[in-house]
Amino acid sequence: MKSKRPGKQRKGALESPMHRKQKMLSAVLEKSLREDLNIRSMQIRSGDKVKVMRGDERGKEDKVRKVDLKKRKVTLEDLKVEKVDGTEVRPYVDPSNLMILEPDMSDERRSKIVERAGGEVSEELKKEDEEEEEEKQAEEKEKTGFKCEICGDVFDSKRGLSIHRGKSHPEYTK
C-alpha cells in the first residue's frame with residue numbers, strides 16, 4: 001500500500017486476500033523464545049499458548065482456540081466474558097495484545113520458517129506437539145465408528161457391526 005491516508009489503509013487491510021491477512025495476525029514472542037528461535041514475532045495459530053498483555057484480562061495465560069482471518073481476531077480456550085443477560089461468550093482478542101509463550105510446532109512448515117531465520121526448534125517442543133497430536137488422533141478414532149450397544153466394541157462399518165451381533169449376541173437377532 002503506497003497511500004498514507006488512513007481510510008485507504010483500512011480499506012486495503014479489509015479487502016486484502018486471506019494469505020496476507022494471515023500475516024497480519026502475528027504476535028510477539030517471549031524473550032527466551034526470541035533468542036532460541038532468532039525471530040521477534042510469529043504468526044498466531046490455533047494451539048499456541050499465549051499470554052494476554054493488554055485489556056481487562058491482562059496477565060492471563062491460555063491456548064488459542066480459533067483464529068478468525070476475516071475479523072483478524074483470535075479467541076482463547078478458557079477466556080469467557082459474561083454478557084448482561086447472563087450468557088457467557090468468548091470475546092475476540094486482537095493478536096497485537098498477545099505474547100506467544102509456547103508455539104505449536106507440530107507443523108513442519110512452521111519449523112522450516114524458524115530454521116530459515118537461523119533459529120533452531122528444540123526437540124522438546126517437537127516431542128510435546130507430536131504427543132498432543134497422537135492423543136487427538138487416538139480420541140478421534142475412539143469417537144468414529146459403529147459401537148455395539150451390548151458389549152461396547154467399536155467397528156469400522158455397519159456390516160462389521162451386524163456380523164458381530166450375529167456371532168457374539170445371537171439373542172439380539174431374534
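The values are calculated or read from the model by the stated rules, or taken from the named source; none is laboratory data. These figures come from a predicted structure and were not determined experimentally. So basically every Cβ, Gly included, is an ideal-geometry build from the backbone, and we count neighbours across all protein chains shown.
Values computed for the structure shown
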item	result
So residue 51, is it basic (Lys, Arg) and modelled with pLDDT of 95 or more	yes
Residue 46 being polar (S, T, N, Q) and either more than 17 Å from the chain's Cα centre (by Cα) or at pLDDT below 90 (or both)	no
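Residue by residue, here is whether (1) surrounded by 13 or more Cβ atoms within 10 Å (Cβ to Cβ); (2) free of Cβ contacts under 8 Å to residues at least 40 places away in the same chain; (3) among the hydroxyl-bearing types (Ser, Thr, Tyr) holds:
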residue	(1), (2), (3)
8	no, yes, no
32	no, yes, yes
47	yes, no, no
58	no, yes, no
66	no, yes, no
97	yes, no, no
